[in-house]
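**Student:** Following this message is one structure expressed as C-alpha coordinates.
The values are calculated or read from the model by the stated rules, or taken from the named source; none is laboratory data. In this text the structure is predicted, and so the values were computed from the model without any measurement. With ideal geometry, Cβ positions are generated from the backbone for all residues, glycine too; neighbour counts draw on all protein chains shown. Each accessible area value is taken on the protein alone, full model and side chains, heavy atoms only, with ligands, DNA and RNA left out. Shrake-Rupley method; radii C 1.70, N 1.55, O 1.52, S 1.80 Å.
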Amino acid sequence: MKRVLSGIQPTGNLHLGNYLGAIKNFVSMQNSYECFYMLADLHAITVRVEPKDLKENILSTAAAFLASGLDEKKNIIFSQSSVRAHSELSWILNCTARVGWLNRMTQFKEKAGSNKEKASVGLYTYPILMAADILVYQATHVPVGEDQKQHLELCRDIAIKFNNDYGKDFFNIPEPIIPDISARVMSLRDGLKKMSKSDESDLSRINLTDSKEQIVQKIKKAKTDSEPINEDIFNEKSKRFEAQNLISIYADLKSESNKKILSQFEGKNFSEFKKDFTDLLIEYISPISDKIDLLRKNEDHLLKILKNGQEKASNVADKTMKDVKNIIGLSL
Ligand code: ADP
Ligand code: TRP
(Lines give C-alpha, C1' and ligand atoms only; values in the text may rest on other atoms or scores of the structure.)
(Ligands and ions follow the chains in the order given, each with its own letter.)
Protein backbone atom coordinates (compact mmCIF):
# COMPACT_ATOMS: atom_id res chain seq x y z
CA MET A 1 0.00 0.00 0.00
CA LYS A 2 1.23 3.48 -0.86
CA ARG A 3 -0.14 6.20 1.38
CA VAL A 4 0.71 9.89 1.33
CA LEU A 5 0.36 12.39 4.15
CA SER A 6 1.36 16.01 3.94
CA GLY A 7 0.29 19.32 5.35
CA ILE A 8 0.65 23.05 5.13
CA GLN A 9 0.21 25.53 7.93
CA PRO A 10 -2.76 27.82 7.44
CA THR A 11 -0.82 30.94 8.31
CA GLY A 12 -1.78 33.28 5.50
CA ASN A 13 -1.89 33.38 1.75
CA LEU A 14 -0.14 30.54 0.02
CA HIS A 15 2.53 31.62 -2.42
CA LEU A 16 4.39 30.36 -5.46
CA GLY A 17 7.02 28.67 -3.23
CA ASN A 18 4.33 26.62 -1.49
CA TYR A 19 2.83 25.81 -4.87
CA LEU A 20 6.02 24.68 -6.64
CA GLY A 21 7.65 23.21 -3.51
CA ALA A 22 4.65 21.33 -2.20
CA ILE A 23 1.15 21.60 -3.67
CA LYS A 24 2.09 20.81 -7.27
CA ASN A 25 3.51 17.55 -5.98
CA PHE A 26 0.39 16.87 -3.90
CA VAL A 27 -1.71 17.21 -7.05
CA SER A 28 0.50 14.92 -9.10
CA MET A 29 0.25 12.18 -6.47
CA GLN A 30 -3.51 12.11 -6.11
CA ASN A 31 -4.04 9.57 -8.87
CA SER A 32 -1.53 6.98 -7.77
CA TYR A 33 -1.59 7.11 -3.96
CA GLU A 34 -4.13 7.18 -1.18
CA CYS A 35 -3.61 10.78 -0.05
CA PHE A 36 -4.23 12.60 3.22
CA TYR A 37 -3.77 16.38 2.93
CA MET A 38 -4.01 18.36 6.08
CA LEU A 39 -4.28 21.98 7.19
CA ALA A 40 -1.69 22.04 9.97
CA ASP A 41 -3.62 24.37 12.26
CA LEU A 42 -2.05 23.04 15.46
CA HIS A 43 1.34 23.94 14.03
CA ALA A 44 0.00 27.39 13.20
CA ILE A 45 -0.56 28.21 16.91
CA THR A 46 3.11 27.72 17.81
CA VAL A 47 3.30 31.47 17.23
CA ARG A 48 0.67 33.98 18.37
CA VAL A 49 -2.29 34.28 16.04
CA GLU A 50 -5.64 36.04 16.43
CA PRO A 51 -8.49 33.47 16.61
CA LYS A 52 -10.47 35.13 13.83
CA ASP A 53 -7.40 35.21 11.58
CA LEU A 54 -6.71 31.55 12.24
CA LYS A 55 -10.24 30.57 11.29
CA GLU A 56 -10.06 32.65 8.12
CA ASN A 57 -6.68 31.16 7.22
CA ILE A 58 -7.94 27.60 7.67
CA LEU A 59 -10.80 28.23 5.25
CA SER A 60 -8.74 30.16 2.70
CA THR A 61 -5.99 27.52 2.71
CA ALA A 62 -8.61 24.81 2.18
CA ALA A 63 -9.91 26.86 -0.76
CA ALA A 64 -6.34 27.19 -2.10
CA PHE A 65 -5.84 23.40 -1.90
CA LEU A 66 -8.95 22.80 -3.98
CA ALA A 67 -8.27 25.65 -6.40
CA SER A 68 -4.77 24.29 -7.06
CA GLY A 69 -6.25 21.05 -8.28
CA LEU A 70 -6.68 18.80 -5.25
CA ASP A 71 -9.86 16.81 -5.75
CA GLU A 72 -11.86 16.28 -2.55
CA LYS A 73 -13.24 13.04 -3.96
CA LYS A 74 -9.81 11.53 -4.55
CA ASN A 75 -8.10 12.84 -1.39
CA ILE A 76 -8.86 13.09 2.29
CA ILE A 77 -8.68 16.81 3.05
CA PHE A 78 -9.04 17.82 6.71
CA SER A 79 -7.82 20.03 9.51
CA GLN A 80 -5.24 18.63 11.92
CA SER A 81 -7.02 19.88 15.06
CA SER A 82 -10.22 18.06 14.09
CA VAL A 83 -8.53 14.68 14.49
CA ARG A 84 -7.63 14.17 18.17
CA ALA A 85 -5.18 11.37 17.58
CA HIS A 86 -2.51 13.82 16.30
CA SER A 87 -2.17 15.48 19.72
CA GLU A 88 -2.43 12.18 21.54
CA LEU A 89 0.30 10.46 19.55
CA SER A 90 2.42 13.60 19.72
CA TRP A 91 2.68 13.28 23.51
CA ILE A 92 3.68 9.64 23.27
CA LEU A 93 6.35 10.46 20.69
CA ASN A 94 7.60 13.28 22.96
CA CYS A 95 8.61 10.46 25.23
CA THR A 96 10.40 8.62 22.42
CA ALA A 97 12.31 11.55 20.89
CA ARG A 98 15.49 12.78 22.58
CA VAL A 99 16.24 16.39 23.56
CA GLY A 100 19.51 16.21 21.65
CA TRP A 101 17.65 15.40 18.44
CA LEU A 102 15.41 18.44 18.77
CA ASN A 103 18.36 20.67 19.57
CA ARG A 104 19.70 20.02 16.10
CA MET A 105 16.60 21.34 14.28
CA THR A 106 17.62 24.33 12.20
CA GLN A 107 14.09 25.60 11.62
CA PHE A 108 13.60 26.18 15.35
CA LYS A 109 16.86 28.12 15.48
CA GLU A 110 15.77 30.24 12.51
CA LYS A 111 12.24 30.85 13.77
CA ALA A 112 13.12 31.47 17.42
CA GLY A 113 16.03 33.69 16.41
CA SER A 114 17.95 35.39 19.19
CA ASN A 115 14.96 35.27 21.53
CA LYS A 116 14.96 31.52 22.17
CA GLU A 117 13.92 31.79 25.82
CA LYS A 118 10.69 33.52 24.83
CA ALA A 119 9.72 31.10 22.03
CA SER A 120 6.78 28.81 22.80
CA VAL A 121 7.58 25.24 23.85
CA GLY A 122 5.31 24.26 20.95
CA LEU A 123 7.67 25.86 18.46
CA TYR A 124 10.45 23.69 19.90
CA THR A 125 8.49 20.43 19.89
CA TYR A 126 6.85 21.24 16.52
CA PRO A 127 8.74 18.47 14.65
CA ILE A 128 7.38 15.85 17.05
CA LEU A 129 3.80 16.83 16.27
CA MET A 130 4.79 16.64 12.61
CA ALA A 131 6.10 13.09 13.17
CA ALA A 132 2.79 12.19 14.84
CA ASP A 133 0.88 13.61 11.83
CA ILE A 134 2.76 11.25 9.55
CA LEU A 135 3.01 8.15 11.69
CA VAL A 136 -0.61 8.16 12.86
CA TYR A 137 -1.58 7.33 9.26
CA GLN A 138 1.33 4.94 8.72
CA ALA A 139 2.14 7.10 5.67
CA THR A 140 4.67 5.62 3.25
CA HIS A 141 5.47 8.87 1.39
CA VAL A 142 5.60 12.51 2.46
CA PRO A 143 5.85 15.21 -0.23
CA VAL A 144 7.37 18.40 1.21
CA GLY A 145 9.58 21.29 0.23
CA GLU A 146 13.31 21.03 0.77
CA ASP A 147 13.17 23.01 4.04
CA GLN A 148 11.21 20.22 5.73
CA LYS A 149 13.77 17.50 4.99
CA GLN A 150 15.36 17.62 8.44
CA HIS A 151 11.95 17.23 10.11
CA LEU A 152 11.31 14.17 7.97
CA GLU A 153 14.61 12.65 9.06
CA LEU A 154 13.63 13.24 12.68
CA CYS A 155 10.30 11.53 12.04
CA ARG A 156 12.12 8.50 10.67
CA ASP A 157 14.44 8.42 13.71
CA ILE A 158 11.46 8.56 16.05
CA ALA A 159 9.69 5.72 14.22
CA ILE A 160 12.84 3.57 14.26
CA LYS A 161 13.43 4.20 17.98
CA PHE A 162 9.79 3.44 18.86
CA ASN A 163 10.00 0.18 16.92
CA ASN A 164 13.28 -0.74 18.65
CA ASP A 165 12.12 0.27 22.12
CA TYR A 166 9.05 -1.94 21.89
CA GLY A 167 10.65 -4.69 19.81
CA LYS A 168 7.98 -4.43 17.13
CA ASP A 169 8.07 -3.51 13.49
CA PHE A 170 5.08 -1.27 14.07
CA PHE A 171 5.55 2.15 12.51
CA ASN A 172 6.22 2.36 8.83
CA ILE A 173 9.39 4.36 8.06
CA PRO A 174 8.20 7.11 5.68
CA GLU A 175 10.07 8.30 2.61
CA PRO A 176 10.31 12.03 1.82
CA ILE A 177 9.42 13.17 -1.68
CA ILE A 178 11.17 16.42 -2.48
CA PRO A 179 10.94 18.04 -5.93
CA ASP A 180 14.38 18.45 -7.54
CA ILE A 181 13.73 21.36 -9.81
CA SER A 182 13.54 24.61 -7.93
CA ALA A 183 13.05 22.74 -4.64
CA ARG A 184 13.44 26.09 -2.95
CA VAL A 185 11.85 29.14 -4.49
CA MET A 186 13.62 32.28 -3.34
CA SER A 187 12.33 35.77 -2.52
CA LEU A 188 11.87 38.15 -5.45
CA ARG A 189 13.73 40.80 -3.45
CA ASP A 190 16.65 38.73 -2.15
CA GLY A 191 17.91 35.62 -3.91
CA LEU A 192 19.43 34.28 -0.70
CA LYS A 193 16.18 34.27 1.29
CA LYS A 194 13.41 31.76 0.65
CA MET A 195 10.05 33.03 -0.55
CA SER A 196 7.93 32.98 2.59
CA LYS A 197 4.55 33.97 3.96
CA SER A 198 6.30 35.57 6.89
CA ASP A 199 8.44 37.97 4.82
CA GLU A 200 7.35 41.52 5.70
CA SER A 201 7.43 42.66 2.09
CA ASP A 202 4.58 41.43 -0.10
CA LEU A 203 6.79 42.32 -3.09
CA SER A 204 9.01 39.37 -2.12
CA ARG A 205 6.43 36.77 -3.15
CA ILE A 206 3.75 35.89 -5.67
CA ASN A 207 0.62 34.87 -3.75
CA LEU A 208 -1.83 32.42 -5.24
CA THR A 209 -4.47 35.13 -4.68
CA ASP A 210 -2.58 37.89 -6.52
CA SER A 211 -4.39 39.80 -9.25
CA LYS A 212 -2.88 40.28 -12.73
CA GLU A 213 -1.95 43.85 -11.80
CA GLN A 214 -0.14 42.70 -8.66
CA ILE A 215 1.82 40.12 -10.63
CA VAL A 216 2.83 42.72 -13.23
CA GLN A 217 3.94 45.07 -10.48
CA LYS A 218 5.89 42.45 -8.50
CA ILE A 219 7.80 41.14 -11.50
CA LYS A 220 8.60 44.66 -12.62
CA LYS A 221 10.14 45.28 -9.18
CA ALA A 222 11.79 41.84 -8.86
CA LYS A 223 15.52 42.15 -8.30
CA THR A 224 17.80 40.99 -11.15
CA ASP A 225 21.21 42.07 -12.42
CA SER A 226 22.37 44.10 -15.38
CA GLU A 227 24.21 41.22 -17.10
CA PRO A 228 22.55 39.48 -20.05
CA ILE A 229 21.10 35.99 -19.69
CA ASN A 230 23.77 33.34 -20.23
CA GLU A 231 25.09 30.05 -18.82
CA ASP A 232 27.13 31.93 -16.25
CA ILE A 233 23.97 32.39 -14.15
CA PHE A 234 24.21 28.87 -12.75
CA ASN A 235 27.93 29.08 -12.16
CA GLU A 236 28.33 29.17 -8.36
CA LYS A 237 31.04 31.80 -8.54
CA SER A 238 28.83 34.22 -10.46
CA LYS A 239 26.64 34.84 -7.40
CA ARG A 240 23.71 35.77 -9.65
CA PHE A 241 21.22 34.39 -7.13
CA GLU A 242 18.20 36.46 -8.18
CA ALA A 243 18.77 35.56 -11.83
CA GLN A 244 19.05 31.87 -10.90
CA ASN A 245 15.79 32.06 -9.04
CA LEU A 246 13.77 33.64 -11.85
CA ILE A 247 15.10 31.25 -14.46
CA SER A 248 14.42 28.26 -12.20
CA ILE A 249 10.84 29.35 -11.53
CA TYR A 250 10.25 29.85 -15.27
CA ALA A 251 11.69 26.41 -16.03
CA ASP A 252 9.64 24.76 -13.30
CA LEU A 253 6.37 26.33 -14.48
CA LYS A 254 7.13 25.15 -18.01
CA SER A 255 8.32 21.73 -16.80
CA GLU A 256 11.56 22.30 -18.72
CA SER A 257 15.22 22.23 -17.67
CA ASN A 258 17.06 25.43 -16.66
CA LYS A 259 19.41 24.75 -19.56
CA LYS A 260 16.59 24.83 -22.08
CA ILE A 261 15.28 28.14 -20.73
CA LEU A 262 18.78 29.62 -20.72
CA SER A 263 19.25 28.74 -24.35
CA GLN A 264 15.83 30.19 -25.19
CA PHE A 265 16.77 33.58 -23.68
CA GLU A 266 20.53 33.45 -24.38
CA GLY A 267 21.99 36.95 -24.75
CA LYS A 268 18.75 38.77 -23.94
CA ASN A 269 18.47 41.01 -20.94
CA PHE A 270 16.15 40.63 -18.01
CA SER A 271 13.70 43.32 -19.03
CA GLU A 272 12.82 41.19 -22.03
CA PHE A 273 12.68 37.99 -20.01
CA LYS A 274 10.40 39.65 -17.47
CA LYS A 275 7.72 40.27 -20.12
CA ASP A 276 7.45 36.56 -20.93
CA PHE A 277 7.81 35.62 -17.29
CA THR A 278 4.91 37.88 -16.28
CA ASP A 279 2.65 36.39 -18.95
CA LEU A 280 3.55 32.87 -17.86
CA LEU A 281 2.83 33.63 -14.21
CA ILE A 282 -0.51 35.21 -15.04
CA GLU A 283 -1.43 32.20 -17.15
CA TYR A 284 -0.68 29.99 -14.15
CA ILE A 285 -1.85 32.00 -11.17
CA SER A 286 -4.98 33.79 -12.44
CA PRO A 287 -7.18 30.70 -12.84
CA ILE A 288 -6.13 29.55 -9.35
CA SER A 289 -6.77 32.96 -7.85
CA ASP A 290 -10.24 33.17 -9.46
CA LYS A 291 -11.13 29.73 -8.13
CA ILE A 292 -9.95 30.55 -4.59
CA ASP A 293 -12.22 33.55 -4.64
CA LEU A 294 -15.20 31.53 -5.75
CA LEU A 295 -14.63 28.68 -3.30
CA ARG A 296 -14.02 30.97 -0.35
CA LYS A 297 -17.43 32.52 -0.86
CA ASN A 298 -19.11 29.14 -0.38
CA GLU A 299 -18.18 28.45 3.23
CA ASP A 300 -20.74 25.67 3.72
CA HIS A 301 -19.20 23.73 0.88
CA LEU A 302 -15.70 24.06 2.39
CA LEU A 303 -16.92 23.04 5.86
CA LYS A 304 -18.65 20.00 4.41
CA ILE A 305 -15.47 18.86 2.69
CA LEU A 306 -13.46 19.30 5.91
CA LYS A 307 -16.05 17.44 7.98
CA ASN A 308 -16.05 14.57 5.55
CA GLY A 309 -12.23 14.53 5.66
CA GLN A 310 -12.27 14.57 9.45
CA GLU A 311 -14.44 11.47 9.60
CA LYS A 312 -12.32 9.48 7.18
CA ALA A 313 -9.02 10.58 8.72
CA SER A 314 -10.22 9.88 12.28
CA ASN A 315 -11.17 6.32 11.38
CA VAL A 316 -7.61 5.55 10.28
CA ALA A 317 -5.90 7.54 13.04
CA ASP A 318 -8.00 6.10 15.87
CA LYS A 319 -7.08 2.60 14.82
CA THR A 320 -3.34 3.42 15.00
CA MET A 321 -3.82 4.97 18.46
CA LYS A 322 -5.53 1.84 19.70
CA ASP A 323 -2.59 -0.29 18.52
CA VAL A 324 -0.04 2.15 19.98
CA LYS A 325 -1.76 2.05 23.38
CA ASN A 326 -1.75 -1.73 23.28
CA ILE A 327 1.94 -1.85 22.44
CA ILE A 328 3.02 0.47 25.23
CA GLY A 329 0.75 -0.94 27.93
CA LEU A 330 -1.77 1.87 28.12
CA SER A 331 -4.84 -0.16 27.28
CA LEU A 332 -6.59 -1.58 30.32
P1 ADP B 1 6.22 29.49 4.72
O2 ADP B 1 7.68 29.34 4.96
O3 ADP B 1 5.92 30.42 3.61
O4 ADP B 1 5.46 29.81 5.99
P5 ADP B 1 5.37 26.79 5.09
O6 ADP B 1 6.45 26.62 6.11
O7 ADP B 1 3.97 26.83 5.57
O8 ADP B 1 5.69 28.09 4.25
O9 ADP B 1 5.53 25.67 4.00
C10 ADP B 1 4.52 24.86 3.42
C11 ADP B 1 5.13 23.93 2.39
O12 ADP B 1 5.65 24.70 1.30
C13 ADP B 1 6.30 23.09 2.90
O14 ADP B 1 6.27 21.81 2.29
C15 ADP B 1 7.50 23.85 2.45
O16 ADP B 1 8.63 23.03 2.28
C17 ADP B 1 7.03 24.45 1.13
N18 ADP B 1 7.68 25.71 0.90
C19 ADP B 1 7.54 26.84 1.65
N20 ADP B 1 8.27 27.85 1.14
C21 ADP B 1 8.89 27.35 0.06
C22 ADP B 1 9.78 27.90 -0.91
N23 ADP B 1 10.17 29.15 -0.85
N24 ADP B 1 10.23 27.11 -1.89
C25 ADP B 1 9.82 25.82 -1.96
N26 ADP B 1 8.98 25.24 -1.11
C27 ADP B 1 8.52 25.98 -0.11
N1 TRP C 1 5.75 21.62 9.09
C2 TRP C 1 5.23 21.67 7.75
C3 TRP C 1 5.52 23.04 7.15
O4 TRP C 1 5.73 24.01 7.81
C5 TRP C 1 3.76 21.43 7.73
C6 TRP C 1 3.42 20.08 8.25
C7 TRP C 1 2.85 19.80 9.45
C8 TRP C 1 3.67 18.85 7.60
N9 TRP C 1 2.72 18.47 9.59
C10 TRP C 1 3.19 17.85 8.48
C11 TRP C 1 4.22 18.49 6.37
C12 TRP C 1 3.30 16.49 8.17
C13 TRP C 1 4.32 17.13 6.06
C14 TRP C 1 3.87 16.15 6.95
O15 TRP C 1 5.49 23.14 5.97
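**Student:** Against the empirical 2.2 N^0.38 Å scaling, what ratio does the C-alpha Rg of the range 243-320 come to?
**Tutor:** Here the answer is 1.77, to two decimals.
**Student:** For the chain, find the longest principal axis of its Cα atoms and tell me its angle to the long axis of helix 121-135, 0 to 90°, nearest 10.
**Tutor:** For helix 121-135, the angle is close to 80 degrees.
**Student:** Let me ask something else. For the chain, find the longest principal axis of its Cα atoms and tell me its angle to the long axis of helix 270-297, 0 to 90°, nearest 10.
**Tutor:** The angle comes out near 40 degrees.
**Student:** Along each of its three principal axes, how wide is the spread of alpha-carbon positions in the chain, in whole angstrom units, largest first?
**Tutor:** 72, 46, 41
**Student:** Moving on to the next point. Hey, what D do you get for the range 278-320 in µm²/s if you plug the Kirkwood alpha-carbon radius into Stokes-Einstein at 4 °C and 1.567 mPa s?
**Tutor:** Working: Rh = 12.7 Å.
This corresponds to a translational diffusion coefficient of 102 µm²/s.
**Student:** Okay, moving on. Under a plain spin-label model, where a point goes 7 Å from the Cα along Cα-to-Cβ, how far apart in nm are K254 and S314?
**Tutor:** Calculated label separation equals 4.9 nm.
**Student:** Where does each of 74-87, 151-164, 215-228 land if you order them by average Cβ count within 10 Å, highest first? Mind dumping the intermediate values first?
**Tutor:** On the way: 74-87: 20.6, 151-164: 18.6, 215-228: 16.4.
Output ranking for 74-87, 151-164, 215-228: 74-87, 151-164, 215-228.
**Student:** Between their Cα atoms, which of K111/K223; K197/K218; K55/K307 are more than 20 Å away from each other? Write out the running numbers ahead of the final one.
**Tutor:** Details: K111/K223 25 Å; K197/K218 15 Å; K55/K307 15 Å.
Pairs exceeding the cut-off: K111/K223.
**Student:** Give the accessible surface of the chain per residue, rounded to a whole number of Å², with probe radius 1.4 Å and ligands, DNA and RNA excluded. Display every interim value, and only then the final one.
**Tutor:** Details: 16410 Å² over 332 residues.
Here the residues of the chain average 49 Å² of exposed surface.
**Student:** Tally up the carbon and sulfur contribution to the accessible surface of the chain as a whole percent, 1.4 Å probe, everything protein left in place. Don't skip to the answer; put the middle values down first.
**Tutor:** Numbers: 8040 of 16410 Å².
Answer for the chain is 49 percent, counting heavy atoms of protein chains only.
**Student:** Give the calculated FRET efficiency between K161 and D53 to the nearest 0.05, with a Förster radius of 45 Å applied to their Cβ-Cβ distance. Don't skip to the end; give the middle numbers.
**Tutor:** On the way: r = 37 Å, r/R0 = 0.82.
The value I calculate is 0.75.
**Student:** When only alpha-carbon atoms count, how far does the range 24-88 stretch along each of its three principal axes, as whole angstroms with the largest first?
**Tutor:** Largest first, the range 24-88 extends 37, 28, 17 Å along its Cα principal axes.
**Student:** What's the angle, to the nearest 10 degrees (0 to 90), between helix 299-328's Cα axis and the longest principal axis of the chain?
**Tutor:** Between the helix axis and the principal axis of the chain, the angle is about 50 degrees.
**Student:** Here is a follow-up. Grab the DSSP H runs of the chain that are 4 residues or longer, score each as -39,500 (n - 2.57), total them, divide by all residues and round the 222 nm result to the nearest 500 deg cm²/dmol. Before the final figure, lay out the partial values.
**Tutor:** Numbers: 13 runs with 171 residues, N = 332.
Per the formula, -16500 deg cm²/dmol.
**Student:** I would also like to ask the following. So, counting K/R as plus one and D/E as minus one, what does the shell of residues with Cβ under 14 Å around G17 add up to?
**Tutor:** Numbers: positive: K24, R184, R189, K193, K194, K197, R205, K218; negative: E146, D147, D190, D199, D202, D210, D252.
Here the charged neighbours net out to +1.
**Student:** Let me ask you something else. Give me the number: length gained by fully extending K239 to E117, i.e. 0.36 nm times residue separation minus the C-alpha to C-alpha distance, one decimal in nm. Intermediate results must be reported in sequence, preceding the final value.
**Tutor:** Values: separation 122, 0.36 × 122 = 43.92 nm, distance 3.57 nm.
Difference between extended and current length: 40.3 nm.
**Student:** Would you mind telling me which residue in F26, F265, F36 has the biggest mean-square fluctuation in a Gaussian network model of the chain, where springs connect alpha carbons within a distance under 10 angstrom?
**Tutor:** Greatest mean-square fluctuation among the candidates belongs to F265.
**Student:** So, one more: Tell me, what is the FRET efficiency for E153 and E213 to the nearest 0.05, using R0 = 25 angstrom and their Cβ-Cβ distance as r? The partial results should precede the final answer.
**Tutor:** On the way: r = 42 Å, r/R0 = 1.68.
FRET efficiency, E153 to E213: 0.05.
**Student:** Right, something else. Roughly how many Å is it from the Cα centre of the range 138-160 to that of the range 307-332, as a whole number?
**Tutor:** Using only Cα atoms, the two centres lie 20 Å from each other.
**Student:** When every alpha-carbon pair in the range 202-294 is counted, what percent end up more than 21 Å apart? Present the calculation step by step, with values, prior to reporting the outcome.
**Tutor:** On the way: 1342 of 4278 pairs.
Distances greater than 21 Å cover 31 percent of the Cα pairs.
**Student:** Around E283, what is the net charge, scoring Lys/Arg as +1 and Asp/Glu as -1 over all other residues with Cβ under 11 Å from its Cβ?
**Tutor:** On the way: positive: K212, K254; negative: D276, D279.
My count for the surroundings of E283 gives 0.
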